[in-house]
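Here the structure comes first, spelled out in structure tokens, and everything after it is commentary.
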Amino acid sequence: MANPHGRASLTARRNLSTAAPDDIPPDWIEDVEVVHVTGITALLSDGARDCVLAAISRAQAAGVRVSFDVNYRSTLAPPDLAGPLLRRIAEAADLVFGGVEELRLSFPEGDAVDAAERLLRSGCSEVVLKKGAFGAAVYSSAGFVDSPGFTVDVVDTVGAGDAFVAGYLSGLLDELDVPGRLHRANACGAMLCMTPGDWESSPTLSDVERFCQPGIDPVLR
């Protein structure tokens, strides 16, 4: 989460499956710019699901934007059980991130474009389609924007999706336009693929800016 001053808040908690709505501290959500939730958390347990839904409800009541990364893992729940819950969360979010199959999971009656259009009609402001090495695209009421990916030597893809979302949300908070957000997000995802590990190799903003400069070798950690 990030507050109005741009300061990010990251809390690591083990045994997240035991989470419950009462675990969310008072005013913790109401004092931020964006609340980001994922499908992984929502599918961990009934308590974790209720915690995610409570966070969304509190954010909506406070006028805080809700960001949702579908981030579906079949090991947590089969599609027929996961789909309805992920759809419910997506329809409550302001921004939705997902791959082609993830969007179709929530809206099996059509393709990813149909899913994006349905979400926009439900009140979602932006649907971000993650396309891996091929970049990403955004569907919104303003139209469609596509952005190509970066060509890099891939070492490890773990965490690339999370880095992509972090880059996009940071661009949103920095008031970049949609092409600018996508460019930063694609860069963050690509950079994380160049090193082993998950969040340990997450790039800083200065790393990303250097990476995006033509003719300059990317920073390796």
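Values as computed for the structure displayed
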quantity	calculated
Qualifying positions in the stretch 134-165 - closer than 18 Å to Ser201 by Cβ, out of contact with any helix residue (DSSP H, G or I) (no Cβ under 6 Å at 6 or more places or on another chain) and in a helix (DSSP H, G or I)	Gly161, Asp162, Val165
Search result, residues across the stretch 88-107 that are closer than 24 Å to Val64 by Cα and not hydrophobic (A, V, I, L, M, F, W, C)	Arg88, Glu91, Asp94, Gly98, Ser106
Where Gly98 falls short, out of the listed (1) in contact with a Gly (Cβ under 9 Å, 6 or more places away or on another chain); (2) surrounded by 14 or more Cβ atoms within 10 Å (Cβ to Cβ); (3) at pLDDT below 95; (4) closer than 20 Å to Cys193 by Cα	(3)
Which listed residue, of Leu119, Leu103, Leu81, is within 19 Å of Val35 (Cα to Cα) and in a helix (DSSP H, G or I)	Leu119
Residue check, Val70 surrounded by fewer than 21 Cβ atoms within 10 Å (Cβ to Cβ) and either in contact (Cβ under 8 Å) with a residue 60 or more places away in the chain or within 22 Å of Leu120 (Cβ to Cβ) (or both)	no
Any hit, the stretch 139-154, residues being in contact (Cβ under 8 Å) with a residue 60 or more places away in the chain and surrounded by fewer than 17 Cβ atoms within 10 Å (Cβ to Cβ)	yes
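The values are calculated or read from the model by the stated rules, or taken from the named source; none is laboratory data. Keep in mind that this is a model prediction, so the values were computed, not measured. Heads up, the Cβs are rebuilt from the backbone with ideal geometry, glycines too, and the neighbour counts pull from every protein chain shown.
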